[in-house]
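Report on the following structure.
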Amino acid sequence: MIKLTQYSRAAGCGCKIAPAKLQEILSSNTEFPFFKNLITGNTGNEDAAVFDLGNGEAIISTTDFFMPVVDDAFDFGSIASANAISDVYAMGGTPLMAIAILGWPVEKLPAALAQQVMEGARDICKKAGIPLAGGHSVDSAEPFFGLAVTGRASISNIKKNNTAGEGDAIYITKPIGTGIVSTAQKRGLISDEHAASMVDQMKNLNSIGSFLGTIAAVTAMTDITGFGLMGHLIEMAEGAGLSASINYASIPIADGVKDYMKQKAIPDATFRNWNAYSKNVFFEKGVDVMEAFTLLPDPQTNGGLMFSVSSTAEEAFLQKMKSENPNQLLWKIGNFISPQEKRILVI
């Protein structure tokens, strides 16, 4: 069996360029024209661009692609597609269609494997209820795959990542640790059970985001991807001008993660994320900082949604979730608080 992860230097959302380098790349002295209908664009840290159509509706546009995070080609296509579509859900929107982005080293890997990548993408798009309507491919040194996705939402349903309020509760929808588990797979350390559960989690669509977009009590939302829970929570807190207090013991951790941590299966991107964000984090005495160092910046691939809920409507929100989405997993990990010296307080 050809193992796709052996043909890439990094995997999944761990392929992301380090935050400091990314800021350098995106910096510009060029003055661009103002587009009054552009609700979110490249001036912030939002998950997707949103354009107001002027009729109460908005178009959501995003793209995401990366190198193999798993060895199986079908699973790779599925995971990369679910990850790309997630950005539409993270804005509170509904996907409409997708375009494929494929890079393939045709002299190293058979075309039949790329066909399986595409089949995985078609399977996820079918589950999301959208067409895989076209795409573009190149002969590349390393394999990569992803989607450009178009979505829609009512203007009133758009959820930004910088609009949380003081006292708002912080929830996430999936356990963290997939970066560690995928690294264990690449190094041949993973059990079949943990490999299967990792793939299932990374394939799982974040479609609950469309529902969360309709709830006024949800004040801000993003998804947890390459910058880890730490990086994406700092983005939310900084954007809102607040800090976040999180209960470390409340953070859900995927099965097998702590075992693989002991075997040093840590992605390189974890260290880059830690170097970028740790100066904004305070750890209360009693928190295992070395363990937290490995988990909080762990890059997630199609990680869960992270969102805030108004402190005055939290009970009603939970009742609505229980009645209308009883099978949706939710973990409350903390609250947004008044701005402190550090953006995140881990207690």
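The values are calculated or read from the model by the stated rules, or taken from the named source; none is laboratory data. The structure displayed is predicted, hence computed values, not measured ones. Cβ atoms come from the backbone with ideal geometry, glycine included; neighbour counts cover every protein chain shown. All accessible areas refer to the heavy atoms of the entire protein, side chains included, with ligands and DNA or RNA removed. Shrake-Rupley method; radii C 1.70, N 1.55, O 1.52, S 1.80 Å.
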Close pairs from the stretch 215-226: first over 17 Å from F336 (Cβ atoms), partner of a type outside the set (S, T, Y), Cβ under 6 Å, at least 6 apart: D223/A90; D223/L305; T225/C13; T225/Q300; T225/G303; G226/C13; G226/K16; G226/P299
Evaluation of I25 against (1) more than 19 Å from the chain's Cα centre (by Cα); (2) more than 16 Å from P267 (Cα to Cα); (3) at pLDDT 70 or above (one fails), failing number: (3)
For A49, state whether it is of a type outside the set (K, R), surrounded by 20 or more Cβ atoms within 10 Å (Cβ to Cβ), within 29 Å of T173 (Cβ to Cβ) and within 22 Å of the chain's Cα centre (by Cα). no
Please state which one of A58, A82 is in contact with a helix residue (DSSP H, G or I) (Cβ under 9 Å, 6 or more places away or on another chain) and in a helix (DSSP H, G or I). A82
Out of the stretch 164-190, which residues are farther than 20 Å from D268 by Cα and touching an Asp or Glu at 6+ places or on another chain (Cβ under 7 Å)? A169
Which ones in the stretch 320-344 are surrounded by fewer than 19 Cβ atoms within 10 Å (Cβ to Cβ) and either among the aromatic types (F, W, Y) or part of a strand (DSSP E or B) (or both)? W331, K332, I337
Inside the stretch 181-205, can you point out the residues that are surrounded by 24 or more Cβ atoms within 10 Å (Cβ to Cβ) and modelled with pLDDT of 95 or more? M202
Is at least one residue of the stretch 219-241 open to solvent by 40 Å² or more (accessible area, probe 1.4 Å), in contact with a Gly (Cβ under 7 Å, 6 or more places away or on another chain), within 28 Å of A73 (Cα to Cα) and at pLDDT 95 or above? no
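Name the residue, out of A112, A133, that is of a type in the set (A, V, I, L, M), more than 16 Å from S210 (Cβ to Cβ), out of contact with any Gly (no Cβ under 9 Å at 6 or more places or on another chain) and free of Cβ contacts under 8 Å to residues at least 24 places away in the same chain.
Details: A133 fails: free of Cβ contacts under 8 Å to residues at least 24 places away in the same chain.
Selected residue: A112, the only one of A112, A133 that is of a type in the set (A, V, I, L, M), more than 16 Å from S210 (Cβ to Cβ), out of contact with any Gly (no Cβ under 9 Å at 6 or more places or on another chain) and free of Cβ contacts under 8 Å to residues at least 24 places away in the same chain.
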Go through the stretch 26-55 residue by residue and tally those that are under 26 Å from L96 (Cβ atoms) and assigned to a loop (DSSP other than H, G, I, E, B). 14
Is the stretch 281-304 home to any residue that is out of contact with any helix residue (DSSP H, G or I) (no Cβ under 9 Å at 6 or more places or on another chain), over 30 Å from F211 (Cβ atoms) and in contact (Cβ under 8 Å) with a residue 24 or more places away in the chain? yes
